[in-house]
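Please read the structure below before turning to the comments.
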Amino acid sequence: MTWQLTPRLPAQPDFLWAEAEPKASYDVIIVGAGGHGLATAYYLAKNHGITNVAVLERGWLAGGNMARNTTIIRSNYLWDESAGIYEHALKLWEGLEADLDCEVAFSQRGVLNLAHSLGDVREGRRRVNANQLNGVDAEWLTPEDVQKIAPILNISTDVRYPVLGATFQPRAGIAKHDWVAWGYARAAHAMGVDLIQGCEVTGVLREGDRVVGVDTVSGPIRAGRVALAAAGHSSVITASLGLRLPLQSFPLQALVSELLEQVLDTVVMSNAVHVYVSQAHKGELVMGAGIDGYVGYGQRGSFPVIEHQMAAAIELFPIFARAHVLRTWGGIVDVSPDASPIVGLTPFEGLYVNCGWGTGGFKATPGIGWVFADTIANDRPHPLAQPFALARFADGALIDEHGAAAVAH
Amino acid sequence: MLRIPCPWCGPRDETEFCYGGQAHVPYPADPSTVDDADWAGYLFFRDNPKGWFAERWMHRAGCQRWFNVVRHTVTYEISASYPPGTSRPDVA
């Protein structure tokens, strides 16, 4: 038998898009060239024929949360509204490589969400039932079934966080985040979208209640419509308009180990102990932690958060005790009061928001790109975005996904 | 690790504290007259500045008392710590 330590990876691509200088005006400006912004630009061009579009990025393309997440993709949320948007995204993921004509290493290796207490068990079983009613693949597994899928998992009962069972979504998985961003960027650029890096938006231009463009470090740029996909910095941008969003920004940390032989071919998440782990194609263990306990924009995290996560991870996976933390990092996530996103129109004509994805925006990338583009193009909420309107905080129709999302989106 | 100055116990590690979000958010003076939009504002909308922020902390593993801190949300520098019921000091 021949052992292959790392699966074959495609060679690093050449430049996939050309740098653009900002024009004086566009039909649509998208603020933020992360996954959501790039996907929105792609579907604006592809589905709606709107190509006079600029995506403005203050740093480098896909260098914010798109480069800092743990790439987990799943759709096993509790409520119908969430199942709608996340399952739409998962279906698009399943055809994404063909659609973009680009490898993104989408691997449907399944995700386990562990239950450690009677409350977790009841909530997990309820969620499985809700998922099945919504046509989302889900099953409930006993600890023994869980160990068949992840043999390195410790299912002893005499531990601090015993595994009492798990939900399992077989169609869930991971993808390679950079390739997803580059795939969307290349395809959007090929249809005429300008991708402009190093162009921080410092304010929003308005005439009365109508938004007419943005101020940037490179000067003002006018636009018929402005769409925000700025994650943890959304509040900072809308503050210039006096528009408050119900968001708090927190650093969310993740880390990787050195390259190891393949020992885990599924995704394991534990909401209760804020550990979620998968093994990347090259072999590093990719682990996510919780958010810091206080508002912060420093793209680093608090050490006690990582320490707590490692303690729990080593109990769940005893063989990880000999691995080393190679690198840790933090991204700034925008958390909403009901752990659900805020998508749609605003009190300002021509201004659209897509924010509040908190710790779980990556999985939604194709779905929200599709839905947000449709919302912008038609100046009305796409049916899948409708429940996620900013107005829900005043009318009380919250979509409480703290159970399915918590920090471990 | 933040070192948070409790007004009563002095500087301690952040793991001794729990967080209470934005400070100086008063309960509506006359709740029966508040409309849905203003209730939403009171319940769900908080400042989220990239910069100086007045926020509440509670010294859970110490004196268990609430207090306010002025902290910078990028550098995490703390410029003031003061008891509840007093107004935000004119620093930073």
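The values are calculated or read from the model by the stated rules, or taken from the named source; none is laboratory data. It should be emphasised that the depicted structure is a prediction, and the values quoted were computed from it without experimental measurement. With ideal geometry, Cβ positions are generated from the backbone for all residues, glycine too; neighbour counts draw on all protein chains shown. Just so you know, the surface numbers come from the protein's heavy atoms only, side chains and all, with ligands and any DNA or RNA stripped out. Shrake-Rupley method; radii C 1.70, N 1.55, O 1.52, S 1.80 Å.
Condition check for B:His72 on (1) touching a residue at least 12 places away in the same chain (Cβ under 8 Å); (2) open to solvent by 50 Å² or more (accessible area, probe 1.4 Å); (3) within 14 Å of another protein chain (Cβ to nearest Cβ): one failure, at (2). Picking from residues in segment A:347-379 that are within 12 Å of the chain's Cα centre (by Cα) and among the hydrophobic types (A, V, I, L, M, F, W, C), the one that is surrounded by the fewest Cβ atoms within 10 Å (Cβ to Cβ) is A:Phe362. Filtering segment A:216-244 to residues that are assigned to a loop (DSSP other than H, G, I, E, B), within 14 Å of chain B (Cβ to nearest Cβ) and under 13 Å from A:Trp357 (Cα atoms) leaves only A:Ala230.
Looking at A:Ala289, is it among the aliphatic types (A, V, I, L, M) and at positive phi?
no
A:Met66 passes every criterion in (1) assigned to a helix (DSSP H, G or I); (2) under 17 Å from the mean Cα position of the chain (by Cα); (3) more than 20 Å from A:Tyr276 (Cα to Cα) apart from (3).
Of all residues in segment A:174-229, those satisfying the criterion of being among the small types (Gly, Ala, Ser) and more than 26 Å from the chain's Cα centre (by Cα) are A:Gly208, A:Gly213, A:Ser218, A:Gly219, A:Ala223, A:Gly224.
Yes or no, residue by residue, for (1) within 14 Å of another protein chain (Cβ to nearest Cβ); (2) among the β-branched types (Val, Ile, Thr); (3) over 18 Å from the mean Cα position of the chain (by Cα):
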| residue | (1), (2), (3) |
| --- | --- |
| A:His274 | no, no, no |
| A:Ala280 | no, no, no |
| A:Leu285 | no, no, yes |
| A:Gly288 | no, no, no |
| A:Val295 | yes, yes, yes |
| A:Phe303 | yes, no, yes |
| A:Ile306 | yes, yes, yes |
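Screening segment A:245-346 for strands (runs of 3 or more DSSP E) wholly inside it with 1 or more residues that are touching a strand residue (DSSP E or B) at 6+ places or on another chain (Cβ under 7 Å) and open to solvent by 40 Å² or more (accessible area, probe 1.4 Å) returns the ranges A:248-259, A:284-291, A:325-335, A:342-345. Summed over segment A:359-407, residues that are within 14 Å of chain B (Cβ to nearest Cβ) and charged (D, E, K, R) total 3. Here B:Ser81 fulfils each of the conditions (1) within 9 Å of chain A (Cβ to nearest Cβ); (2) touching a residue at least 60 places away in the same chain (Cβ under 8 Å); (3) among the small types (Gly, Ala, Ser) apart from (1). Looking across segment A:74-126, the residues that are among the hydroxyl-bearing types (Ser, Thr, Tyr) and either buried (at least 22 other Cβ atoms within 10 Å of the Cβ) or not in a strand (DSSP E or B) (or both) come down to A:Ser75, A:Tyr77, A:Ser82, A:Tyr86, A:Ser117. The set of residues in segment A:49-62 that are open to solvent by less than 10 Å² (accessible area, probe 1.4 Å) and either free of Cβ contacts under 8 Å to residues at least 60 places away in the same chain or β-branched (Val, Ile, Thr) (or both) comprises A:Val53, A:Val55. Considering only segment A:188-202, I want to know if a residue exists there that is assigned to a loop (DSSP other than H, G, I, E, B), open to solvent by 60 Å² or more (accessible area, probe 1.4 Å) and free of Cβ contacts under 8 Å to residues at least 24 places away in the same chain. Checking segment A:188-202: not a single residue is assigned to a loop (DSSP other than H, G, I, E, B), open to solvent by 60 Å² or more (accessible area, probe 1.4 Å) and free of Cβ contacts under 8 Å to residues at least 24 places away in the same chain.
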